[in-house]
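Notes follow once the structure below has been shown.
The values are calculated or read from the model by the stated rules, or taken from the named source; none is laboratory data. This structure is a prediction, so every number in the text was calculated from the model and none was measured. Counting neighbours? That spans all protein chains shown, and the Cβs are built from the backbone with ideal geometry, glycine included. Heavy atoms of the whole protein, side chains included, go into the accessibility calculation; ligands, DNA and RNA do not. Shrake-Rupley method; radii C 1.70, N 1.55, O 1.52, S 1.80 Å.
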Amino acid sequence: MIQKFTPIQKERVERLENQLEIAASKGDVNSAKIIILDLQPIFNSTGNTARLMQAKTRLFEANMEQGEVNIAISGLIGIRTIINKHTRTFLEATALLAICYLRMKDLLKAEPLIREVLINDKVISSVTKRAIFRKNMIERFDEEGLLFALKGSVPVQRFDSNEIEHEVSKFIQSNQLEDKYFENIGNVVPNSAKHVLLKVDEFSKKQLPTAERIALPSGKEMLEDKKIGKTLFKSIKRTIYKSICDKDSEVYKGWYTGGLAGITSLITTIVADAFHKLNIGIRTVIVMVSALIIKFGINVYCEHYKPMDIMHMR
C-alpha cells in the first residue's frame, strides 16, 4: 500500500526530482544516479514503486542520450517488468526502448515496441492529447530511423574545416530559400537510408486509427527531398543543441558579444564533429545543416529546435 509522504519527505522528494530533471537534461548521468540513490529509500519506505520507476526512466533516457545504449536497454527492460502496463511510465519506457533499438539499427526488436506505444489507448484518456502524443512519437521514430540508417552509409573522413566554412558562407550569400537547403540535404541521402525511413514511417502509421493516419504525411510525401531534409535537420538537434544553445557555450556567448562573425567557424566545427561521431560522412549534409543554423540565427534555432525528451511530453 502506498503511504502519503510526510511534509519533510514531500519537500525533499520535490527538490530531488527537480534536481534529477536538470541533471538528466544536461546529460549528467553520475549526478542523476546519486539523486536516485537519495530518492530510493523514501519511495521504498512509502511503497511508491511507480514514482521510483519514473525517476529511473528519466535516468535511462539520459544514459541513452549519452550513448550508453546498452545500459539504457537493460534498465528499461527491467522497468517494463516491474511497472503497471497501464501507466504513463510504462508507455515512456517502451518508447525509449524502441528508440534504443532503432539506434542499434535493430528494426526487428524496435517494431513490436513501436506498435505497443502507438496502439495504446488506455494510458492517455484524452483523444486529442493521445493523437498529439502519437504524432510526436512517429516523428521521433522517423528521425531516429533516418539518422541511424545513415551511420556508415558513406565512408567517413575528416573534412578541412576551412573548406567547409567557405562552402557554408558561399551558400548563405547565394540567398537561397530555406526549402533549397532542405532539398539539398534530402537529395544526397542514400536510397538505403530513405528505405529505412519509409519502412519505419509506414509501420508506425499502420498502427493508428484511420482518422489519425490520414492527417499525417503520406509515404510519398515522406520521401520528398524537402521532407527528408527537414527530418534529418531535426534529428541532429539532440547531438548539437547543448553545444550551441547552452548559455555557457562558446557559441551562445559569442553570438551575444560579436554576432555571427565570431561563431560561424564554431558552428561549422560543432556540426562536423557531431556527424563524425555519428559515423555520417556526407559533406553536403554538414554544409547545409551548418548553413541553416547560421541562417536561422541562434535565437530562432535555440527556440524552435530544442529537443523534446520523452519524459517531457506529458
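The residues of the chain expose on average 50 square angstrom of accessible surface per residue, using a 1.4 Å probe on protein heavy atoms. Shown for segment 63-199 is the translational diffusion coefficient from the Stokes-Einstein equation, using the Kirkwood radius over Cα pairs, a temperature of 4 °C and a viscosity of 1.567 mPa s: 74 µm²/s. Each other residue within a Cβ distance under 12 Å of ILE132 adds +1 if Lys or Arg and -1 if Asp or Glu, for a net charge of +3.
Listed values for segment 112-122 are Karplus-derived 3J(HN,Hα) couplings in whole Hz (6.51 cos²θ - 1.76 cosθ + 1.60, θ = phi - 60°), namely x, 6, 4, 4, 4, 5, 7, 8, 5, 10, 9, and x replaces Gly and Pro. Here the Karplus curve 6.51 cos²θ - 1.76 cosθ + 1.60, taken at θ = phi - 60°, turns the phi angles of segment 205-217 into couplings of 5, 5, 7, 8, x, 3, 4, 6, 5, 6, 7, 9, x Hz, with x standing for Gly and Pro. Straight-line cross-link partners of LYS277 among the lysines, defined as a Cα under 22 Å from its Cα and at least 8 positions apart when in the same chain: LYS26, LYS105, LYS151, LYS194, LYS230, LYS234, LYS237, LYS242, LYS306. Solvent-accessible area of segment 25-65 (1.4 angstrom probe, protein heavy atoms only): carbon and sulfur portion equals 50 percent. With the full set of protein chains in place, find how many percent of the accessible area of segment 73-170 is carbon and sulfur; take the probe as 1.4 Å. Of the solvent-accessible surface of segment 73-170, carbon and sulfur hold 52 percent.
With the highest mean first, a sort of the peptides 199-206, 175-182 on other beta-carbon atoms found within 10 angstrom per residue produces 199-206, 175-182.
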